[in-house]
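Only one structure is covered here, and it is reproduced in the block below.
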Amino acid sequence: MKVAVAKYPIQAPVDFAAFAQRQAAVLGDAVAQGARIAVLPEYLSLELAATFDAATQGDLHASLAAIQSHRDAWLALYAGLAKALDLHIVAGTFLLAQANGRYRNRCDVFTPQGGHLWQDKLQLTGFEKGLSVIDGGDALTVFDLGGVRTGVAVCYDSEFPLPVRAQAEAGARLLLVPSCTDTDAGATRVRVGCLARALENRVFVAQSVTAGEAAWSPALDINTGEAAIFAPMDRGLPADGVVVQTSGNQVWALADLDLEALERSRHDAQVANDRDWAGQLKPAITRARVDKR
């Protein structure tokens, strides 16, 4: 299964047609390189704020409200591209309005067979909490993409072990991580989270990122990090856990993931964090006591 992760340069489309044309070109390039799954980054929908006037672009709350008018076209675009390109598309995230007037950060996944799956971001960053209009999700899912059981952890969610562990226990062998960071520290946190989740659960982790600068946007103004695919550090797999990553102006990093090698490593492991997980749950060690001797 060849997976492509994007280091996606943020631009300023003049209208939805321009946005759609670029998506077709970018995803078409991934398919030309053999991709079966393509992962776009978190907050991708906020690029659509550029289709509105300057006042809306510069006001994140106004941008969130405005981009809802593109939601139906967004769904139709990626559903159509998934079928036309015979590609599983992880369409970054869309800040989706809820009935209560608040938003959820939703990762939509489209299949060539016409399927539409999704996972909402569970944990909110300080930036997201500060907006006071975004809620975390309340459900955790896994699904099959091209025969591979898959989960999604949106950006900050990759830094939390237990939900990803639940996805792994539900059979996930691939974790998709659309991300967006604006500092080197933020990029490092997500990268370390991805490496840790790969190690703990013996899964492949595919992380996409935003790239470049977009001074017009209060959310996408600065973007950091490299897109990468990670693996557990064990026999038959990369010693540093990095299968492939972008560099420079490269948009896509691709790797043909060897799921058989992953399973072999499970049975011939140097260490077995995935199998030894329960050892940390022994009642005697789930709480530390203060030794006053």
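The values are calculated or read from the model by the stated rules, or taken from the named source; none is laboratory data. Because the structure is a prediction, the values reported are computed rather than measured. Reconstructed Cβ throughout: ideal geometry from the backbone, glycine too, with neighbour counts over all protein chains shown. Protein only, heavy atoms only, side chains kept; ligands, DNA and RNA dropped before computing areas. Shrake-Rupley method; radii C 1.70, N 1.55, O 1.52, S 1.80 Å.
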Scattering profile of region 211-293 at q = 0.17, 0.27 Å⁻¹ [log10 I(q)/I(0), Debye over alpha-carbon scatterers]: -0.83, -1.26
Name the residue from Tyr156, Ala196, Gln250 whose Cα lies farthest towards the positive end of the charge dipole of the chain, charges +1 on Cβ of Lys and Arg and -1 on Cβ of Asp and Glu. Ala196
Counting pairs of alpha carbon atoms under 8 Å apart in space and at least six apart in sequence, what relative contact order in percent does the chain give? 19
Taking just the alpha-carbon atoms of region 133-272, what radius of gyration and Dmax come out, in angstrom? 15.4, 52
How high is the relative contact order of region 133-237, given as a whole-number percent (alpha carbon pairs under 8 Å, six or more residues apart)? 23
Please list, or write none, the aspartates and glutamates whose alpha carbon is within less than 12 Å of the alpha carbon of Lys2, excluding same-chain residues fewer than 8 places away. Asp256, Asp258
In terms of solvent-accessible area of protein heavy atoms at a 1.4 angstrom probe, what is the ranking of Trp252, Trp277, highest value first? Trp277, Trp252
If the chain between Lys2 and Leu162 were fully stretched, how many nm would it gain, using 0.36 nm times the residue separation less the Cα-Cα distance? 54.9 nm
Taking the Cβ of Leu75 as the centre, find all other residues whose Cβ is under 14 Å away and add up their charges (Lys, Arg: +1; Asp, Glu: -1). +1
Ellipticity estimate at 222 nm from DSSP helix runs (n ≥ 4, -39,500 (n - 2.57)) divided over the chain, nearest 500: -9000 deg cm²/dmol
Which of Gly126, Gly115, Gly80 moves the most in a Gaussian network model of the chain with Cα springs under 10 Å? Gly126
With a/c under 1.5 counting as rounded, go ahead and sort region 43-143 into rounded, prolate or oblate using the C-alpha gyration tensor (a ≥ b ≥ c being the square roots of the eigenvalues; past the cut-off, prolate if a/b is larger than b/c, else oblate). oblate
Distance histogram for region 72-206 (every C-alpha pair counted, 5 angstrom bins, percent rounded to whole numbers): 2, 10, 20, 21, 20, 15, 9, 2
What net charge is computed for the residues neighbouring Ala30, neighbours being all others with C-beta under 15 Å from the C-beta of Ala30, Lys and Arg scored +1, Asp and Glu -1? +1
Scaled to the compact-protein estimate 2.2 N^0.38 Å, what is the alpha-carbon radius of gyration of the chain, rounded to two decimal places? 1.01
Solvent-accessible heavy-atom area per residue, rounded to whole Å², over region 1-151 at 1.4 Å: 38
Taking θ as phi - 60°, what are the ³J(HN,Hα) couplings along region 250-265 by the Karplus curve (6.51, -1.76, 1.60), each to the nearest whole Hz, with x for Gly and Pro? 4, 8, 10, 10, 10, 8, 8, 6, 8, 5, 5, 5, 4, 5, 4, 5
Checking the cross-link filter: which lysines have an alpha carbon closer than 19 Å to that of Lys121, excluding same-chain neighbours under 8 positions apart? Lys129
Suppose each label sits 7 Å from its Cα in the direction of the beta carbon; what would the Gln250-His61 distance come out to in nanometres? 4.3
What would the Debye formula give as log10 I(q)/I(0) at q = 0.14, 0.18, 0.24, 0.28 Å⁻¹ for the alpha-carbon point model of region 118-180, no solvent? -0.40, -0.62, -0.99, -1.24
Below 12 angstrom from the Cβ of Ala4, what's the summed charge of the other residues (Lys, Arg +1; Asp, Glu -1)? +1
Have a look at Ala54, Cys107, Leu81 and report the one farthest towards the positive end of the charge dipole of region 42-133, computed about the Cα centre with Cβ charges (Lys/Arg +1, Asp/Glu -1). Cys107
Note down the relative contact order for region 77-128 as a percent, whole number, built from C-alpha pairs under 8 angstrom at least six residues apart. 33
